[in-house]
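First up is the structure itself, then whatever we jot down about it.
Rule-based calculations on the coordinates, nothing more; no lab input. None of these values were measured; they are calculated from a predicted model. Positions of Cβ are backbone-derived with ideal geometry, glycine not excepted, and every protein chain shown enters the neighbour counts.
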Amino acid sequence: MFKKLKLILFPIIIFCLLVTLCGAVKLIADRSKSLAGDMVLTQSEDSRASGESSESAADIMITTKCDSLDIYSSDSTESDVFDIYIDGKPADFAQAVEYRNGVYTVEYIRTYGEMVIVINSNLNIGSIVIDAPAANMRIRDLTVSELNIATSAGNTCCDNILCDSIIIVSQSGNVNIEDTESTVMQVTTQNGRISVNCGSGEFYVGSNTGNIEFNPTELDLRADLTTMSGDIYADLSDDDGITMYIRQNGGITQISRDFVMYDDRYVKGDGYSVVNIKTDTGDITVE
């Protein structure tokens with residue numbers, strides 16, 4: 001009787017095992033499809049590193065030791081983000097650029113040559129951070145929230161830039177800013193000359209031994225101009241309302257007759273904007 005019962009139960013047990021095995025296979029297949037779908041989505045997000053644009057603001061970080069760096073915008077780029085040229089030859093975007101968490105990183109370690117970055121004019125740029133110790137830089141025709149530049153010996157030229165904040169720190173290179181509008185502008189050098197011919201709500205310009213030429217097309221709030229031994233020239237003839245404070249230990253001071261001198265300040269018009277000029281031994285000229 002036991003043998004008969006065994007013969008009856010054996011097929012039933014085999015059938016149950018087959019049903020369970022089929023269910024497990026189906027579950028694994030469904031899970032694999034889900035994982036594959038997640039991989040496709042992740043790959044789609046990372047595909048922006050191959051040159052596709054993002055609707056949110058993009059940040060760009062550039063580190064280079066090349067001799068020359070030129071950055072500008074254009075509506076005729078190959079990439080939806082930006083194109084890179086090294087010594088006049090196009091660079092492969094996927095190899096030259098790393099994309100992570102909304103930041104495009106460009107690192108070029110060769111200590112010579114020319115780099116040109118052409119940014120697509122439709123790209124929404126949050127910030128551009130540049131670290132170029134020796135490069136002569138020209139940054140132009142850009143709309144960006146923040147522009148941050150650090151250099152040691154290279155000269156820096158900014159032209160036709162619209163932004164909220166500009167910060168430029170240089171050791172011995174000259175800085176020239178033209179036709180640029182910024183809410184806050186901070187420019188400092190150790191030995192380089194600074195020339196500012198643009199508009200901003202607030203200016204903070206300082207140099208140790210270099211001269212400062214300051215010709216604001218529009219001065220909304222204030223300007224601080226500081227040197228140790230460098231001369232300061234400020235053309236404030238286009239501004240109708242200024243209160244100016246001057247601190248000087250030595251050197252020659254020449255102030256336009258448009259200003260009326262009071263106890264500790266010079267005033268023109270309603271005196272709305274504030275200008276602070278300070279130097280230890282440099283000359284000061286205000287027109």
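Multiplying the sequence separation of VAL184 and TYR112 by 0.36 nm and subtracting their Cα-Cα distance, what value in nm do you get? Display every interim value, and only then the final one.
On the way: separation 72, 0.36 × 72 = 25.92 nm, distance 3.28 nm.
Fully extending the segment from VAL184 to TYR112 adds 22.6 nm.
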Once Lys and Arg are counted +1 and Asp and Glu -1 for all other residues with Cβ under 12 Å from that of ARG222, the total becomes -4
Distance from segment 114-161 to segment 170-185 (C-alpha centre basis), Å: 11 Å
For segment 48-203, what's the radius of gyration and Dmax over Cα atoms, in angstrom? 14.7, 42
Checked segment 155-287 with the C-alpha gyration tensor, a ≥ b ≥ c its square-rooted eigenvalues, rounded below a/c of 1.5, otherwise prolate if a/b is larger than b/c and oblate if not; verdict oblate
Tell me, in nm to one decimal, what length is gained between GLN171 and GLN95 on full extension, where the rule is 0.36 nm per residue of separation less the Cα-Cα distance? 24.2 nm
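Across all directions of projection, what mean area in square nanometres is found for the Cα convex hull of segment 166-240? Show your work: numbers first, answer last.
Working: hull surface 16.4 nm².
Taking the Cα atoms of segment 166-240, their convex hull projects to 4.1 nm² on average.
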In whole Å, what is the distance between the alpha-carbon centres of segment 200-254 and segment 63-93? 36 Å
Please list the radius of gyration and Dmax for segment 216-277, considering alpha-carbon atoms only, with Å as the unit. 11.3, 31
